[in-house]
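Heads up: the structure comes next, in structure tokens.
Values quoted throughout were computed directly from the atomic coordinates according to the rules given, and no laboratory measurement underlies them. This structure is a prediction, so every number in the text was calculated from the model and none was measured. Using ideal geometry, Cβ is built from the backbone for each residue, glycine included, and neighbour counts are taken over all protein chains shown.
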Amino acid sequence: MFDRHRRQLMDRMGDAVAVFFAAPEQIRNNDVHFPYRQASDFFFLTGFEEPEVVLVLAPRREPGDQVVLFLRASDPDREVWDGRRVGVDGAPAALGVDKAFDIDTLDEHLSDYLVGTRTLYFALGDCAEDDARVLPALRRARRARRDGRETPCTLIDPAEVLHDLRLRKHEEGLVAMRRAAELTGIGHRRAMAITRPGVHEYVLQAAMEYEWAVRGARRNAYPSIVGSGPNACVLHYRDNDRRIESGDLVLVDAGCEFSYHASDVTRTWPASGRFSPAQRSIYEAVLAAQKAAIAHCRPGNTFDSVHAVAVDVLTRHMVDLGLLEGPAEDRVLDEGYKRYYMHRTGHWLGMDVHDVGRYHQAGSSRPLEPGMALTVEPGIYIAPDDERAPEALRGIGVRIEDDVLITAGEPDVLTSAIPKEVDEIEALVGSARLDV
């Protein structure tokens, strides 16, 4: 799989050279590091999870010298503390690369790989430490111009070609995304089942993340959001420490990562097991908008048009509910709906929860194509102190989010197994024993 990814990229590069750096380790405090996660682009091309690694792709060179890795040498003393390393000798067989060198020799060899091409693919400016390794090598390589050899005079961000490869999901990636969606659903259903007044938000968070971890998804795709009552109106609320009260809605935006692929799901449910009439009216408005937007996720429709469909449905409901004055068409045009729906309806999804890929091309919204995956997540958020809103609706926050794969026909909702119909939710909430 990783060799195929590299070859696809190299085919698009022509005679250029590309240089990629692994993600650096990050200090948490003193001499303790944050848990390491490889950079998604680097993993996409190598499948390698060690830090201090550089990948060089040079398709213009002779076979056997086109895919080169610089990595840490084996070090028995350090491996006692930090675990086994692949090492220089083991890298070609383990990782399918042509050659491997000690990372300490990067400065010695890199300039050689930059000679003979006019184009370098490198993400200049992303990391000062990486720039400090590549730019001196580029200066050294330019000395070869005196001998009539070509050296890079054009610098291109690899994202220009690599991210389009990542935007269209391959089968192995889809397998991982489906598993992430499945496990995320198990966690959400567990959180619904143990919800009851008196439980703290972090209890639901812990229940979800336990279900993922014991099934092999040991990383969240992003920090979990568990917002009850007024916290459901805070879009990126993450304290997760409030005691859930009777009559609250609970908004949970949480997903796991499996094999470097993300899931991103939001569900909203009543803490007491039944929606109040006011809560249900908002919930059904959001659900109607989400269903309409999902139905629009078809090839040829644009990314922005999915948002437009959701906005149209939400705005009409806002007028009907007394949140906005009509006509609804005017509130769409003047963006009056943004008082209660202030974010976009979705984003690309894949190895990153907000995945790579352009949303617009040549000034126009990008058409959807089979293999693309996106979230669809409309919402309505009415602040508790919003005196312009009907009193019964104040303090209600609802978002519903699913992960959708674009196919040649019907949209494939990867997270469809997670309950979102009112009767399904009401039957599940509070149905399981909670031992705390």
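What are the extents of the Cα atoms of region 111-212 along their three principal axes, in Å, largest first?
Reported extents, whole Å, longest axis first: 76, 30, 17.
How long are the semi-axes of the equivalent ellipsoid of region 343-398, taking √(5λ) for every eigenvalue λ of the Cα gyration tensor, in whole Å from largest down? Present the calculation step by step, with values, prior to reporting the outcome.
Numbers: eigenvalues 228, 34, 16 Å².
For region 343-398, the semi-axes come out at 34, 13, 9 Å.
Relative to the longest principal axis of the chain, what angle (0 to 90°, nearest 10) does the C-alpha long axis of helix 303-320 take?
For helix 303-320, the angle is close to 20 degrees.
Taking the Cβ of Gly198 as the center, what net charge do the other residues with Cβ under 13 Å away carry, scoring Lys and Arg +1 and Asp and Glu -1? Provide the component values of the computation, followed by the final result.
Values: positive: Arg196, Arg242, Arg243; negative: Glu201, Glu245, Asp248.
Result for the neighbourhood of Gly198: 0.
Report, in degrees rounded to the nearest 10, the 0 to 90 angle that the Cα long axis of helix 277-295 makes with the longest principal axis of the chain.
Tilt of helix 277-295: around 40 degrees.
Rounded to whole Å and sorted largest first, what semi-axes of the equivalent ellipsoid does the C-alpha gyration tensor of region 168-428 yield via the square root of 5 times each eigenvalue?
Details: eigenvalues 146, 130, 38 Å².
Those come to 27, 25, 14 Å.
If you add up the charges near Ser305, with Lys and Arg at +1 and Asp and Glu at -1, over every other residue whose beta carbon is less than 12 angstrom from its beta carbon, what do you get?
Details: positive: Arg298, Arg366; negative: Asp304, Asp312.
Local charge sum for Ser305: 0.
Under 12 Å from the Cβ of Leu124, count the other residues' Cβ atoms, weight Lys and Arg +1, Asp and Glu -1, and hand me the total. Mind dumping the intermediate values first?
Details: positive: Arg133; negative: Asp126, Asp130, Asp131, Asp157.
Charge balance in the 12 Å sphere: -3.
Could you pull the Rg and Dmax for region 2-164, using just the Cα atoms, both in Å?
15.9, 51
How big is the Kirkwood radius of region 80-124, worked out from every pair of different alpha carbons and given in Å to one decimal? List each step's numbers first, then the result.
Details: mean 1/r = 0.0769 Å⁻¹.
Evaluated on region 80-124, it is 13.0 Å.
Tell me, what is the Rg over Rh of region 303-436, with Rh the Kirkwood radius over Cα pairs?
On the way: Rg = 17.6 Å, Rh = 17.1 Å.
When Rh is taken as the Kirkwood radius, the ratio is 1.03.
Just the Kirkwood number for the chain, please: inverse of mean 1/r across all distinct Cα pairs, in Å, one decimal. List each step's numbers first, then the result.
Details: mean 1/r = 0.0416 Å⁻¹.
Mean inverse Cα-Cα distance, inverted, gives 24.1 Å.
With everything on Cα atoms, drop me the angle between helix 171-194 and the longest principal axis of the chain, reported from 0 to 90° to the nearest 10.
Taking the Cα atoms of the chain, the angle to 171-194 is about 30 degrees.
With a 10 Å radius around each residue's Cβ, average the other Cβ atoms per peptide and rank 267-277, 54-64, 376-386, highest first.
Numbers: 267-277: 19.5, 54-64: 17.7, 376-386: 21.2.
Per-residue Cβ counts within 10 Å, averaged per peptide and sorted highest first, yield 376-386, 267-277, 54-64.
Quick one: what are the phi-derived ³J(HN,Hα) couplings along region 403-409, Karplus 6.51/-1.76/1.60 with θ = phi - 60°, whole Hz, x for glycine and proline?
9, 10, 9, 7, 10, 5, x
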